[in-house]
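*Asks:* The structure is given below, and queries will be raised subsequently.
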Amino acid sequence: MNPSVAVVILNWNGKELLNQFLPGILLSDYDNLQVVVGDNGSTDDSVTFLQEKFPQVKIITNDVNYGFAGGYNKILERVEADYFILLNSDVEVTTNWIKPVITLMESDDLIAAAQPKIKWHGDKNQFEYAGAAGGYLDQFGFPFCRGRLFNVYEMDKGQYNDIKEIFWASGAAFFIKSKCWKEAGGLDADLFAHMEEIDLCWRLKNLNYKVVYSPDAEVYHIGGGTLQTENPFKTYLNFRNNLIIMQKNLPAGDAFFRIMIRMWIDFIAWWHFLLSGKPKFTLAVSKGHWHFIKSILKTAKKRARHQKPYAQHTGVFNGSVVWAFFIKKIKFFSQLN
């Protein structure tokens, strides 16, 4: 029998998305599967709706909204399976989206986490923002993807149809061995949302595990289902959390050096938002930096027990993706070197 798999969807007031995408998930071609909806303190009638329309789905409830990270931690404490798949509620799956990824992960004990090919629901030939063909970081901690640099999205022409070890797997469709989830301690609830999957992958890599991309399975993500891209709170979380995860996972001297440079790069973004007439986004960057500084002592207590030198990690671009994109006008992942 195949390893047991639990597809776990964290829901917060997402009744319409569940109605749209759960039927396809329930048709997934995998013979040892349970589908779980973890309700994260919804105030709509999501739970009643699920009980009536999808009685085959297991429902686990949180008393309040603990955010993406905290919500998943509390739900997964009550799920038993060999593999967890953290699946966003705004993702459409294909019939054979599970087996290729599990087969790949079963082939190597060191593979802890993985993602399928993630494309945009609005155009299923185009890679999607939150994952595309696998996540990378540049030398100053900026995340980007094979198939997506900033706001440029590549069309899928088979250019990324290779199995690849990456730095981070997308939280939109995140596969992880449950034993590795427990060993790493799950997600960092203090991050609330955004970049928590990068932090988890980084901690796994510091434990000498691998994160991989499987091109033989694909899903289609709407994106921005909970927080829209043009949202100052999302900007705040991204700037704050990026600095926090660098402090947590880099060797001390390396962390200080890279964070100092990163904050100067963020200052350029601050000016960009200000001159573009987006004062709320300017304030979001300032707030993100201030809250990072306030949390330095707390974050120091959560630093990984083992930090590998940054350059030793697979999936790190030894350059600045900001410089490459905005100054050198490089728009495609394949042009980075």
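*Asks:* Could you tell me how many of the residues in the range 312-332 are within 16 Å of ARG258 (Cα to Cα) and either in contact with a Gly (Cβ under 8 Å, 6 or more places away or on another chain) or free of Cβ contacts under 8 Å to residues at least 60 places away in the same chain (or both)?
*Replies:* Within the range 312-332, the first condition is being within 16 Å of ARG258 (Cα to Cα), and the residues that meet it are 312-313, 316-323.
Then drop every residue that is not either in contact with a Gly (Cβ under 8 Å, 6 or more places away or on another chain) or free of Cβ contacts under 8 Å to residues at least 60 places away in the same chain (or both), which leaves 312, 323.
Residues meeting the conditions: 2.
*Asks:* Which members of the range 22-60 meet the condition of being outside any strand (DSSP E or B), surrounded by 15 or more Cβ atoms within 10 Å (Cβ to Cβ) and touching a residue at least 40 places away in the same chain (Cβ under 8 Å)?
*Replies:* GLY24, ILE25, SER28, TYR30
*Asks:* Do you know which residues across the range 142-167 are crowded, with 20+ Cβ neighbours inside 10 Å, touching a Lys or Arg at 6+ places or on another chain (Cβ under 9 Å) and in a strand (DSSP E or B)?
*Replies:* Residues satisfying the conditions are LEU149, ILE166.
*Asks:* Further question: Among the residues of the range 129-141, is there at least one that is surrounded by 21 or more Cβ atoms within 10 Å (Cβ to Cβ), touching a residue at least 24 places away in the same chain (Cβ under 8 Å), out of contact with any strand residue (DSSP E or B) (no Cβ under 9 Å at 6 or more places or on another chain) and under 21 Å from ASN337 (Cα atoms)?
*Replies:* yes
*Asks:* Checking GLY277 against (1) over 24 Å from TYR153 (Cβ atoms); (2) outside the structural domain of ALA113 (by TED's automatic domain parsing); (3) buried (at least 23 other Cβ atoms within 10 Å of the Cβ); (4) of a type outside the set (A, V, I, L, M, F, W, C): exactly one of these is not met. Which one?
*Replies:* Unmet for GLY277, out of (1) over 24 Å from TYR153 (Cβ atoms); (2) outside the structural domain of ALA113 (by TED's automatic domain parsing); (3) buried (at least 23 other Cβ atoms within 10 Å of the Cβ); (4) of a type outside the set (A, V, I, L, M, F, W, C): (3).
*Asks:* What's the number of the condition ASP254 fails, among (1) of a type in the set (D, E, K, R); (2) modelled with pLDDT of 95 or more; (3) touching a helix residue (DSSP H, G or I) at 6+ places or on another chain (Cβ under 9 Å)?
*Replies:* If we test ASP254 against (1) of a type in the set (D, E, K, R); (2) modelled with pLDDT of 95 or more; (3) touching a helix residue (DSSP H, G or I) at 6+ places or on another chain (Cβ under 9 Å), just (2) comes out false.
*Asks:* Going by the structure shown, is LEU86 over 15 Å from PHE175 (Cβ atoms) and within 18 Å of the chain's Cα centre (by Cα)?
*Replies:* Details: over 15 Å from PHE175 (Cβ atoms): no; within 18 Å of the chain's Cα centre (by Cα): yes.
So LEU86 fails the test.
The rows are residues; the columns are (1) of a type outside the set (Lys, Arg); (2) surrounded by fewer than 19 Cβ atoms within 10 Å (Cβ to Cβ); (3) outside any strand (DSSP E or B).
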{"residue": "PHE84", "(1), (2), (3)": "yes, no, no"}
{"residue": "TRP97", "(1), (2), (3)": "yes, no, yes"}
{"residue": "ASP109", "(1), (2), (3)": "yes, yes, yes"}
{"residue": "LYS124", "(1), (2), (3)": "no, yes, no"}
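The values are calculated or read from the model by the stated rules, or taken from the named source; none is laboratory data. The shown structure was predicted, so the numbers you read here are calculated from the model rather than taken from an experiment. Ideal geometry is used to build each Cβ from the backbone, glycine not excepted, and the neighbour counts take in all protein chains shown.
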